[in-house]
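Q: Here's a structure for you.
Read the figures in this text as sums done on the coordinates, not as results from a lab. Quick caveat: nothing in here was measured; it's all calculated off a predicted structure. Heads up, the Cβs are rebuilt from the backbone with ideal geometry, glycines too, and the neighbour counts pull from every protein chain shown.
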Amino acid sequence: MGDDSWKRQPHYMQLETVKTLAERVKEHALRHGLDFIAFSFHGGEPLLAGTDFFCEAVRTMRHILGDKIGSSFGVQTNGTLITEEIVKLFSQQKIHIGLSLDGPREINNRRRVHASGRGSFDDVMNGIRWLNTPEGREIFSGVLCVIDHEADPLEVFEFLTSLPTPSIDFLLPHGNWSLLPAGKSDPETTTYADWLIRIFDIWFDGKHSDVAIRTFEEIIEYRLGGKGHLETLGLSPVSLICIAADGSIESVDTMKSVFPGAHRLHMDVFHHSFDDVLKHPLIHARQVGLRALCEKCVNCSLVATCGGGYFPHRWSSINQFKNPSVYCADYIKLITHICQRVDHELTSGDTNGSC
């Protein structure tokens with residue numbers, strides 16, 4: 001969405017940067033009593049770094065963290081470079097694979113294309129066949145699907161559940177009050193809630209309910225008094241940070257959708273600890289729950305579940321992040337619908353639903 005800072009980054013993280021990052025993580029974990037850290041390799045397309053990079057990076061991180069700090073590793077890929085060799089290696093190294101895929105051929109190829117303009121779908125499907133092997137299914141963590149509001153939600157759902165995926169995350173397209181997302185000419189429309197509700201109803205009634213849909217499960221968990229884990233919902237402190245290939249520390253990569261440079265903290269792993277990062281205003285705002293929200297959100301009955309929505313989606317050039325999510329109307333409709341269905345299920349005594 002206009003940020004081209006990736007052009008000034010190295011193509012992949014050098015091993016010395018990996019070592020310094022691991023030392024910073026260890027320092028922070030020991031200081032705060034953390035016994036487990038999850039790492040996710042993103043891009044661009046991370047598999048372009050090659051298998052040797054992943055072997056060295058993971059080995060180095062595990063060695064530096066030692067026996068007292070557990071770790072997990074995952075890669076978020078567009079799937080075009082998945083091969084038998086990668087799946088076997090990642091299975092051996094216990095590196096999980098998340099797949100970014102928006103639907104069947106026509107839907108996926110609208111936006112996920114090669115530099116030449118050719119659609120990526122056929123290459124992704126070639127990669128998926130290796131995820132459908134015993135080793136592949138063992139490390140396949142799930143699908144991230146950016147919602148195309150023009151696509152039939154049930155067609156997308158049926159296609160994605162035909163894959164050997166244990167979970168699906170449906171992601172809202174990035175946008176904010178100053179640059180509305182696709183399909184929202186008016187913030188008060190509920191285009192995306194309507195899209196998701198069509199999937200929720202058949203999923204909640206038992207169709208493909210063995211596939212976890214994290215947004216739905218998170219809302220149900222909040223309704224039942226639990227505590228969610230997604231950074232896009234709820235009031236819990238956000239527990240992730242992004243490290244760029246050159247060692248720069250960034251708030252979260254999706255902040256690039258707000259305006260060019262919005263992700264920058266002007267910090268790096270060579271000169272700053274993660275305790276230093278926690279003091280930065282952009283990070284602090286993602287840790288303090290209600291205190292970071294606008295008055296409308298604070299007074300909303302759904303705030304414990306919604307949490308004001310995803311931080312980058314709150315931006316406006318006038319109030320900066322002191323706004324509800326640009327998807328506020330969608331959240332109200334979706335959360336209300338799911339809670340009503342859950343409440344009805346609990347009071348009716350019908351055991352067919354997922355609760």
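Q: Taking only pairs that are 8 or more places apart or on different chains, how many Lys pairs in region 184-322 have Cα atoms under 28 angstrom apart?
A: Here the count comes out as 13.
Q: Still on this structure, please answer the following. If I model a spin label as a point 7 Å beyond the Cα along the Cα-Cβ vector, how far apart are those points for residue 149 and residue 45 in nm?
A: About 2.9 nm separates the two model spin labels.
Q: Per-residue HN-Hα couplings for region 234-245, Karplus 6.51 cos²θ - 1.76 cosθ + 1.60 at θ = phi - 60°, whole Hz, x for Gly and Pro?
A: x, 10, 5, x, 6, 10, 9, 9, 10, 10, 6, 4
Q: If you consider only alpha-carbon coordinates, what radius of gyration and Dmax does the chain have, in Å?
A: Over the chain's Cα set, Rg and Dmax evaluate to 20.5, 59 Å.
Q: Whole-Hz ³J(HN,Hα) for each residue in region 137-149, computed from phi via Karplus 6.51 cos²θ - 1.76 cosθ + 1.60 with θ = phi - 60°, x for glycine and proline: what do you get?
A: Computed from phi, the couplings for region 137-149 are 5, 5, 10, 6, 8, x, 10, 9, 10, 7, 5, 9, 5 Hz.
Q: Which of the lysines could a cross-linker bridge to residue 19, judged by Cα under 22 Å and excluding same-chain residues fewer than eight apart?
A: Cross-link targets: 68, 94.
Q: Suppose only helical runs count, i.e. DSSP H with n ≥ 4. What mean residue ellipticity at 222 nm does that imply for the chain under -39500 (n - 2.57) per run, divided by all residues and rounded to the nearest 500 deg cm²/dmol? Each step should come with its number before you reach the end.
A: Values: 14 runs with 135 residues, N = 355.
Dividing the helical sum by the residues of the chain leaves -11000 deg cm²/dmol.
Q: Would you mind checking which residues have amide H under 5 Å from residue 144's amide H? H placed 1.01 Å from N; only 5 or more apart, or other chain.
A: For residue 144, the qualifying residues are 99, 100, 101, 169.
Q: I need the peptides 142-149, 278-285 ranked by packing, meaning the mean over residues of other C-beta atoms within 10 angstrom, with the highest value on top.
A: Numbers: 142-149: 20.2, 278-285: 14.5.
Peptide ranking by packing, descending: 142-149, 278-285.
Q: What is the extension gain from residue 227 to residue 299, computed as 0.36 nm multiplied by their sequence separation minus the C-alpha to C-alpha distance, in nm to one decimal? It would help to have the intermediate numbers written out before the result.
A: Values: separation 72, 0.36 × 72 = 25.92 nm, distance 2.02 nm.
Computed gain between residue 227 and residue 299 is 23.9 nm.
Q: Between the alpha-carbon centers of region 105-157 and region 161-224, tell me the distance in whole angstrom.
A: Between the Cα centres of region 105-157 and region 161-224 lies a distance of 17 Å.
Q: Here is a follow-up. How would you order 31-37, 176-182, 237-243 from highest to lowest mean count of nearby Cβ atoms within 10 Å? Kindly include the intermediate steps, with their values, before the conclusion.
A: Numbers: 31-37: 11.1, 176-182: 17.0, 237-243: 15.1.
The densest-packed peptide leads the list: 176-182, 237-243, 31-37.
Q: By count of other Cβ within 10 Å, fewest leading, how are 7, 26 ordered? Walk me through the intermediate numbers first.
A: On the way: 7 6, 26 18.
Fewest-to-most Cβ neighbours within 10 Å comes out as 7, 26.
Q: Using a cut-off of 12 Å between beta-carbons, work out the net charge of the residues near residue 180 (Lys and Arg +1, Asp and Glu -1, residue 180 not included).
A: Working: positive: 184; negative: 186, 188.
Overall, the nearby charge balance is -1.
Q: Just to check I understand the Karplus step: with θ = phi - 60° and J = 6.51 cos²θ - 1.76 cosθ + 1.60, what whole-Hz values come out for region 3-15, glycine and proline as x?
A: Once θ is set to phi - 60°, the couplings for region 3-15 become 8, 10, 4, 4, 5, 9, 9, x, 5, 8, 6, 5, 4 Hz.
Q: Arranged by the count of other C-beta atoms within 10 angstrom, fewest first, what order do 335, 64 take?
A: Taking fewest neighbouring Cβ atoms as first place, the list is 64, 335.
Q: Follow-up question, since we're still on this one. Relative contact order of the chain: what whole-number percent is it, with Cα pairs under 8 angstrom and at least 6 residues apart?
A: 17 percent
Q: Could you pull out every residue, at least 5 positions away or on a different chain, whose amide H is within less than 5 Å of the one on residue 268? Hs are placed 1.01 Å off N in the peptide plane, and Pro or chain starts have none.
A: Correct list: 249.
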